[in-house]
1. Would you please list the contacts, defined by Cβ atoms under 6 Å and residues six or more apart or on different chains, that run from a residue in the stretch 175-204 that is in contact (Cβ under 8 Å) with a residue 40 or more places away in the chain and part of a loop (DSSP other than H, G, I, E, B) to a residue that is surrounded by fewer than 23 Cβ atoms within 10 Å (Cβ to Cβ) and among the charged types (D, E, K, R)?
2. Looking only at the stretch 327-364, how many residues end up being assigned to a loop (DSSP other than H, G, I, E, B) and hydroxyl-bearing (Ser, Thr, Tyr)?
3. Which condition breaks for residue 302 when tested against (1) at pLDDT below 95; (2) in contact with an Asp or Glu (Cβ under 9 Å, 6 or more places away or on another chain)?
4. Looking at (1) under 25 Å from residue 70 (Cα atoms); (2) surrounded by fewer than 16 Cβ atoms within 10 Å (Cβ to Cβ); (3) not aromatic (Phe, Trp, Tyr), can you tell me which one residue 341 breaks?
5. What is the one condition in (1) surrounded by fewer than 20 Cβ atoms within 10 Å (Cβ to Cβ); (2) touching a Pro at 6+ places or on another chain (Cβ under 8 Å) that residue 269 does not satisfy?
6. Just to confirm my filter: which strands (runs of 3 or more DSSP E) fall fully inside the stretch 206-257 and include at least 3 residues that are at pLDDT 95 or above and on the phi > 0 side of the Ramachandran plot?
7. Among the strands (runs of 3 or more DSSP E) confined wholly to the stretch 90-156, which include 1 or more residues that are over 24 Å from residue 208 (Cα atoms) and either at pLDDT below 80 or outside the structural domain of residue 172 (by TED's automatic domain parsing) (or both)?
8. Of everything in the stretch 318-338 that's β-branched (Val, Ile, Thr) and in contact (Cβ under 8 Å) with a residue 40 or more places away in the chain, which residue is surrounded by the most Cβ atoms within 10 Å (Cβ to Cβ)?
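The values are calculated or read from the model by the stated rules, or taken from the named source; none is laboratory data. Please read these numbers as outputs of a predicted model, since none were measured by experiment. Heads up, the Cβs are rebuilt from the backbone with ideal geometry, glycines too, and the neighbour counts pull from every protein chain shown.
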Amino acid sequence: EEHNQNIEKDKTDTVKEHTKKTFKHAKFTKKASVSNFSHSLLSVTLKGHSGKVLGLDVSINGKYMASSSDDRSVRLWSVKDFGAGNKCVRVNVEFDHARFARFSPDSRAFIAGLAVENTVRVFKLGKNNDGVTTCIPIEGDFVKYNHGGSFVMTAYKNTTIMVRNLKGDILHTINTNQGNNNYAAVSPCGRFVASCGWTPDVKVWAVNFTRSGEYKDVTRAFELKGHTTTVWSFDFNNDSTRQDGVNKILFFRMVTVSKDGSWRFYDTGVEYEKGQEPYLLHTGEFHISDCSIDKDFCIVALSPDARVVAVACMNNIIVFSTASGLMEVEFKEVHTEIITALIFDIAGRYILSSGDKHVRVFHNVLGYKETIRELEEKIRPIPSASSVRERYQKQVDEAKKSLNAILK
């Protein structure tokens, strides 16, 4: 399902966009004294934008990362070439700039939310004769690219969320009843829209279509409860599957962070149609240097396999395990300005952030460590001659090899 989180203007309220990883940080005044950031886990700094990078997104096929900037461009970066320097394709945004870009689920196009026009422009990915990736705007004929089950979600600063078709027609209007909308997002699978605001909960709705792809309705799915005050932000994992012995199991998780200083980690793979609510798996407190969590907006990102959480506040980032809650590392003064976006790549190998003209790409070392720990726990009770044990051990060896290559 096509989706994005474009924020528009209401006649009675001036609205500021809240992209998937972009928030209001009006009270931010702290800046790093130098721009030459370095860290042992920094894989590369992506340079190329001449203006502030406002948003980041990665394609579902794992090939591309898009960075949107106020320099009137969106740049497409090859994920496999992150370590090879600053290879990218520049996509011009004529007469405007994109506050964010969101890839379509088939990775053949992306949607850009325009800052001045408060509208959506669509770009289709293609190849030049020399095989180089290129993009062209197809806003006029995008309906020809349409397929069943597509929708766009737009959110307002007040309590309004709208589900639209790809022509912009309103299919359904949601009143979140959360005082205001701090943040709104569409799940990676495109089945759900969710929001958080002044209230201590996250509300999730299902966008339903018929088997033929016709819009049906929007219904309440479930709520994430437990915080004592405002939820700053939340994130979905990438709806992944995990191997449990010989079986593959669906793996749906969400994480939330609140101004009460706590994070909460949920199992959301429930039968919500039957009234089943998500299960709380883990919760804990978090602290970030030089930040007032009760006042300063926090951005949370959940790794695709749901093993690792990253939280950004001001221009600092912490990384911790969802299993233990223990912090692995804190990156301080990552950018010279406020962090605007925080994401994982689809493979979970990297943590990416933006906040000034640069994009920082960090190795997700904790992801490798948690994979090794979990697999070794599964191996212990399995007989030594088992093919399952052999398969797990191979995965452990591969993860250790990758980890050692980073830490050497």
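1. 188/239; 189/239; 190/1
2. To start, the set of residues in the stretch 327-364 that are assigned to a loop (DSSP other than H, G, I, E, B) comprises 332-340, 345-349, 355-358, 364.
Remaining after also requiring hydroxyl-bearing (Ser, Thr, Tyr): 336, 340.
Final tally of qualifying residues: 2.
3. Failing condition for residue 302: (1).
4. (2)
5. Going through the list (1) surrounded by fewer than 20 Cβ atoms within 10 Å (Cβ to Cβ); (2) touching a Pro at 6+ places or on another chain (Cβ under 8 Å), residue 269 breaks only (2).
6. In the stretch 206-257, no matching strands (runs of 3 or more DSSP E) lie anywhere.
7. Working: elements: 98-103, 109-114, 120-127, 133-137, 152-155.
Those strands (runs of 3 or more DSSP E) span 120-127, 133-137.
8. Kept after step one, since they are β-branched (Val, Ile, Thr), are these residues of the stretch 318-338: 318-319, 322, 329, 334, 336, 338.
Within this subset, residues satisfying the condition of being in contact (Cβ under 8 Å) with a residue 40 or more places away in the chain are 319, 322, 329, 334, 336, 338.
On the way: 319: 22, 322: 21, 329: 16, 334: 23, 336: 17, 338: 25.
Looking at the filtered set, the residue picked out is 338.
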